[in-house]
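Structure record follows, encoded as structure tokens.
The values are calculated or read from the model by the stated rules, or taken from the named source; none is laboratory data. Keep in mind the model is a prediction, meaning the values are calculated, not measured. With ideal geometry, Cβ positions are generated from the backbone for all residues, glycine too; neighbour counts draw on all protein chains shown. Quick note on the areas: whole protein, heavy atoms, side chains included, nothing else; ligands and nucleic acids left out. Shrake-Rupley method; radii C 1.70, N 1.55, O 1.52, S 1.80 Å.
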Amino acid sequence: QQPVQSPQAVILREGEDAVINCSSSKALYSVHWYRQKHGEAPIFLMILLKGGEQKGHDKISASFNEKKQQSSLYLTASQLSYSGTYFCGTEKTSGSRLTFGEGTQLTVNP
Amino acid sequence: DTGVSQDPRHKITKRGQNVTFRCDPISEHNRLYWYRQTLGQGPEFLTYFQNEAQLEKSRLLSDRFSAERPKGSFSTLEIQRTEQGDSAMYLCASSLGSGQGSNEQFFGPGTRLTVL
């Protein structure tokens, strides 16, 4: 079953923060986050394994609440390069298929 | 560049023709996945391999679609008797597939198929 992402779209000014959420009704092994720019392939950002860990690099971080089967992606002090569509992909067992949400379109304006 | 390559990058064909796409994964990656993506949607799973074994096929995949990974390295995806509804971006991804821990999937640039 497809995870639900929210919001569907967000518009920011450079330097503002954003949170993108991903919820699943099924028990998950992991959540993967990707960013995709128009006409390009999805670029891997990070993976969160069950266990409620939080990860981050640079100004992008994410968390995974295993009890709620929810993951959130946090973008702080957004840059123009952050613009794109963000997808979460959920994994039920290690190495299995990813089931992607419909995406969140993020636009960062100067 | 993620290290996953796909060929061709673009394919225009007429309805009813057969097409074949190739994917070369990252060399040490055991798992190879095929996804399809249409405009405004997330990638949709088609099938995946562990080495040369095809482990799962999507129920959405009609029998016009077939995939192989004969030597556990590159993979091909063939679509027979193409239909206009097959027009999409076909994405290949690969992962270590260790069966435990994290299995990041890295995507290739995709093959954009247009069926006229």
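Entry remark, the stretch A:68-110: residues being open to solvent by 60 Å² or more (accessible area, probe 1.4 Å), within 14 Å of the chain's Cα centre (by Cα) and within 14 Å of chain B (Cβ to nearest Cβ) number 2 in total.
Residues in the stretch A:18-39 that are within 14 Å of the chain's Cα centre (by Cα) and surrounded by fewer than 12 Cβ atoms within 10 Å (Cβ to Cβ): none.
Residue-wise test of (1) at pLDDT below 95; (2) of a type in the set (A, V, I, L, M); (3) closer than 22 Å to A:Thr104 by Cα.
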position: B:Thr47; (1), (2), (3): no, no, no
position: B:Gln50; (1), (2), (3): yes, no, no
position: B:Gln100; (1), (2), (3): yes, no, no
position: B:Val115; (1), (2), (3): no, yes, no
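Within the stretch B:27-46, restricting attention to residues that are within 14 Å of the chain's Cα centre (by Cα) and without any contact (Cβ under 8 Å) to a residue 24 or more places away in the chain, the residue that is farthest from the other protein chains (Cβ to nearest Cβ) is B:Glu44.
Of the residues making up the stretch B:68-89, those that are surrounded by 12 or more Cβ atoms within 10 Å (Cβ to Cβ) and either touching a helix residue (DSSP H, G or I) at 6+ places or on another chain (Cβ under 7 Å) or farther than 19 Å from B:Thr114 by Cβ (or both) are B:Glu68, B:Arg69, B:Gly72, B:Ser73, B:Phe74, B:Ser75, B:Thr76, B:Ile79. Screening A:Asn65 against (1) at the interface with chain B (Cβ under 8 Å from one of its Cβ atoms); (2) open to solvent by 10 Å² or more (accessible area, probe 1.4 Å) leaves a single unmet condition, (1). What are the residues in the stretch B:1-37 that are among the aliphatic types (A, V, I, L, M) and open to solvent by 40 Å² or more (accessible area, probe 1.4 Å), if any? Once the filter is applied, which keeps residues that are among the aliphatic types (A, V, I, L, M) and open to solvent by 40 Å² or more (accessible area, probe 1.4 Å), the stretch B:1-37 yields only B:Ile12.
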